[in-house]
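To start, the structure under review is shown below, and the notes come after it.
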Amino acid sequence: MKIAFLADPLAGFKTYKDTTYAMMREADRRGHAIYAFEQRDMALEEGVVTAAVARINLTGEADDWFRASPKIEARLSEFDAVLVRKDPPFDMEYVYATYLLELAERQGARVFNKPSAIRDHNEKLAIAEFSAFTSPTLVTSDMARLRQFHAAHGDVIFKPLDGMGGAGIFRITDNGMNLGSVIETLSLNGAQSIMAQKFIPAIAAGDKRILVIGGKPVPFSLARIPQGDEVRGNLAAGGVGVAQPLGARDLEIAETLGPLLAARGLLLVGLDVIGDCLTEVNVTSPTCFQEIAEQAGFDVAAMFIDALEAGAAQAAGQ
């Protein structure tokens, strides 16, 4: 297959942990041709969606890990699969990219995850559809309602709706210290909606990333455990990742959501679960392939490329 990766600049990859690199390595091992482009490389001209793409050859080295050929202009429909691996922020440029990718689909491109599904599943708000699995949650820009939520629950997490890696997450305990400042800052003084969730003490045991590929759960999660006085388990915020088998509740959540999300065109999803509660549904560029593979011995990248090959073949046959 010819596989094009829409990603951030490859030179910034940390290959020892990067999930997109793990995907590329497995695809290369199977003999697939790898191409890469950035969001800014896409264009729409005379009704046709193209991108300036570079053929990528892997060197096998840890640092100087790839060679890129000169970029060429190509229709996205020329590829057997286009993989969306662009990290947030999910700003308007990201939204515009999903529109272009959706138009490319109409021209024959096979895009994973499906761009309309990425756009429709805000990684924070998507949990609202599955409230049976969540802790008490409020989304609003009304600062008075946010204060009332804190008064009702005492220990609350506040976070923006467009962050990643734990950025902008605050815990306000029952003493209410800094409550006003946090609400005002995150909500831009009531102009922007934010999320409040009742604090889940089980975060001490880790914020579990459960990967779902083609509707089926990877049998191990990566529990990202906060360190010291930190409330965030995100690896980007200093959390330590520990691979562990899925528990009964983890499986219940993954097996309930997996087939539904896959049917919507989400080949790869990262479910975040704290204790028994679903906290996020990650659809842009879920990670943790390498950590799970190294610690648990389960080849997540192989499972993913299996699903990608099957999905691309199915899409080509439609």
Would you confirm, using the coordinates I've provided, whether E61 is without any contact (Cβ under 8 Å) to a residue 60 or more places away in the chain and more than 24 Å from the chain's Cα centre (by Cα)? yes
Checking the condition buried (at least 24 other Cβ atoms within 10 Å of the Cβ), more than 13 Å from the chain's Cα centre (by Cα) and not acidic (D, E), which residue from V281, V269, V273 passes? V273
Close pairs from region 265-279: first touching a residue at least 40 places away in the same chain (Cβ under 8 Å), partner among the hydroxyl-bearing types (S, T, Y) and outside any strand (DSSP E or B), Cβ under 6 Å, at least 6 apart: C277/T134; C277/S135; L278/T134
Against the conditions (1) outside any strand (DSSP E or B); (2) touching a residue at least 24 places away in the same chain (Cβ under 8 Å), where does E102 fall short? Just the number, please. (2)
Among the residues that make up region 161-184, is at least one of them surrounded by fewer than 15 Cβ atoms within 10 Å (Cβ to Cβ), among the polar types (S, T, N, Q), farther than 30 Å from A307 by Cα and under 26 Å from the mean Cα position of the chain (by Cα)? no
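Since every read-out is calculated from the coordinates, none of them should be taken as a lab result. Treat the numbers as computed from the prediction; the structure is a model and nothing was measured. When we count neighbours, we look across all protein chains shown, and the Cβ atoms used for this are built from the backbone with ideal geometry, even at glycine.
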